[in-house]
1. Which numbered condition in (1) within 16 Å of ligand 2 (Cβ to nearest atom); (2) assigned to a loop (DSSP other than H, G, I, E, B); (3) surrounded by fewer than 13 Cβ atoms within 10 Å (Cβ to Cβ) is the only one that Pro28 fails?
2. Which members of the range 83-118 meet the condition of being in a loop (DSSP other than H, G, I, E, B), more than 15 Å from ligand 1 (Cβ to nearest atom) and either buried (at least 19 other Cβ atoms within 10 Å of the Cβ) or over 15 Å from the mean Cα position of the chain (by Cα) (or both)?
3. State which residue is farthest from ligand 1 (Cβ to nearest atom) when the search covers only the range 34-56 and only residues that are part of a strand (DSSP E or B) and surrounded by fewer than 17 Cβ atoms within 10 Å (Cβ to Cβ).
4. Evaluate the range 155-163: report whether one residue or more is touching a residue at least 12 places away in the same chain (Cβ under 8 Å), of a type in the set (A, V, I, L, M), touching a Pro at 6+ places or on another chain (Cβ under 7 Å) and within 14 Å of ligand 1 (Cβ to nearest atom).
5. Mind checking which helices (runs of 4 or more DSSP H) fall wholly inside the range 119-238 and carry at least 2 residues that are under 21 Å from Lys288 (Cβ atoms)?
6. Considering only the range 104-119, I want to know if a residue exists there that is charged (D, E, K, R), in contact with a helix residue (DSSP H, G or I) (Cβ under 8 Å, 6 or more places away or on another chain) and either within 30 Å of Glu255 (Cβ to Cβ) or without any contact (Cβ under 8 Å) to a residue 12 or more places away in the chain (or both).
7. Among the residues of the range 190-197, is any among the polar types (S, T, N, Q) and at pLDDT 95 or above?
8. Scan the range 166-185 and give yes if some residue there is within 16 Å of ligand 2 (Cβ to nearest atom), surrounded by fewer than 16 Cβ atoms within 10 Å (Cβ to Cβ) and either under 30 Å from Arg268 (Cβ atoms) or touching a residue at least 60 places away in the same chain (Cβ under 8 Å) (or both), otherwise no.
Amino acid sequence: FLVLRRELPEIPENSDISPSEFANDPDPSVFQKRYMKEIRELGKGHFGKVILYLYDPANDGTGEYVAVKSLKQESGHVPESWMKEIDILKSLHHNNIVKYKGCCTELGGQVVQLIMEYLPQGSLRDYLPSRKLGVPQCLMFAQQICQGMDYLHSRRYIHRDLAARNVLVENDSLVKIGDFGLSKYIPEGKIYYQVREDGDSPVFWYAIECLRESKFSFPSDIWSFGVTLYEILTRCDSRQSPPEKLREMMNSPNEQMTLLALLKMLERNLRLPCPRDCPHKVLLHAHKKWAKTMLLF
Ligand code: ADP
Ligand code: MG
């Protein structure tokens with residue numbers, strides 16, 4: 001023991017250096033806060049904020065860029081739902097789903113940050129409005145979203161927040177699904193997940209049964225995909241966004257009545273209008289999917 005002790009480096013007490021740094025094969029999913037250099041904010045949602053960092057252990061600018069998500073409100077403990085989001089992303093491996101890289105833990109585990117690959121073009125909402133994308137490229141993005149969703153569903157997860165703001169763009173020929181903050185596991189034999197706590201919900205992307213009974217399922221993700229497809233084909237033009245358009249159609253100025261008015265309108269079979277250059281075939285297909293979803297409940 002004494003011989004060994006002499007050969008090991010002295011580790012000061014209360015050191016914040018984790019043992020993994022001394023191991024021969026350090027865990028690549030453990031990120032050290034002190035090597036992270038903040039570059040800029042990438043985006044914010046309801047629950048989280050995402051910041052671009054350069055992770056640079058050598059401290060010579062040769063590090064890698066990573067996107068780091070943390071909760072907007074740190075509460076002194078790590079909420080279970082946040083660890084679930086991290087665990088779900090960690091378990092997913094698909095070309096059209098944003099890649100998990102690891103975690104960064106601070107304050108003895110009271111704060112946990114999620115480290116993901118950085119997608120330089122941001123979300124579809126950041127990317128689409130400034131480009132003049134043709135329909136074929138829009139449909140290619142839509143197809144990739146389907147591939148990612150198909151994989152997610154094959155693992156029995158539902159996303160529950162599929163929207164252009166949660167689809168990330170690597171380059172002009174690759175998109176990936178992100179933000180698994182509302183995702184839920186559907187056990188074998190079950191067909192839906194019923195939500196109890198319902199705070200800030202993306203209701204304008206919700207299917208009828210989600211609004212009426214808080215029942216979320218594989219088909220309700222397909223409904224949200226339809227709304228996302230609408231966003232893509234309107235190139236995420238903010239004047240035609242689903243909340244703007246649906247509010248206009250509802251003609252209901254009362255914010256508190258939004259959910260009920262939206263539900264009534266959808267039950268009357270009113271839907272988002274066909275985007276200007278949307279091919280007729282695509283519209284027909286979308287309506288068929290919406291109709292199928294409705295028949296299930
Ligand atoms: P929230 O759960 O708060 O909605 P998101 O995971 O959706 O958080 O991230 C918020 C925003 O941050 C996204 O809409 C997107 O603009 C940006 N963002 C998220 N992840 C990445 C990433 N890996 N690369 C680049 N930008 C990202
Ligand atoms: Mg989001």
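The values are calculated or read from the model by the stated rules, or taken from the named source; none is laboratory data. The shown structure was predicted, so the numbers you read here are calculated from the model rather than taken from an experiment. Please note: Cβ atoms are built from the backbone with ideal geometry, for glycine as well, and neighbour counts cover all protein chains shown.
1. Evaluating Pro28 over (1) within 16 Å of ligand 2 (Cβ to nearest atom); (2) assigned to a loop (DSSP other than H, G, I, E, B); (3) surrounded by fewer than 13 Cβ atoms within 10 Å (Cβ to Cβ) leaves (1) as the failure.
2. Listed by number, the list holds a single entry, Gln110.
3. Going through the qualifying residues, I end up with Lys37.
4. Yes: the range 155-163 contains one or more residues that are touching a residue at least 12 places away in the same chain (Cβ under 8 Å), of a type in the set (A, V, I, L, M), touching a Pro at 6+ places or on another chain (Cβ under 7 Å) and within 14 Å of ligand 1 (Cβ to nearest atom).
5. Ranges flagged: 135-154, 208-213, 218-233.
6. no
7. Taking every residue of the range 190-197 in turn, none turns out to be among the polar types (S, T, N, Q) and at pLDDT 95 or above.
8. Checked against the condition, which is being within 16 Å of ligand 2 (Cβ to nearest atom), surrounded by fewer than 16 Cβ atoms within 10 Å (Cβ to Cβ) and either under 30 Å from Arg268 (Cβ atoms) or touching a residue at least 60 places away in the same chain (Cβ under 8 Å) (or both), the range 166-185 yields no hits at all.
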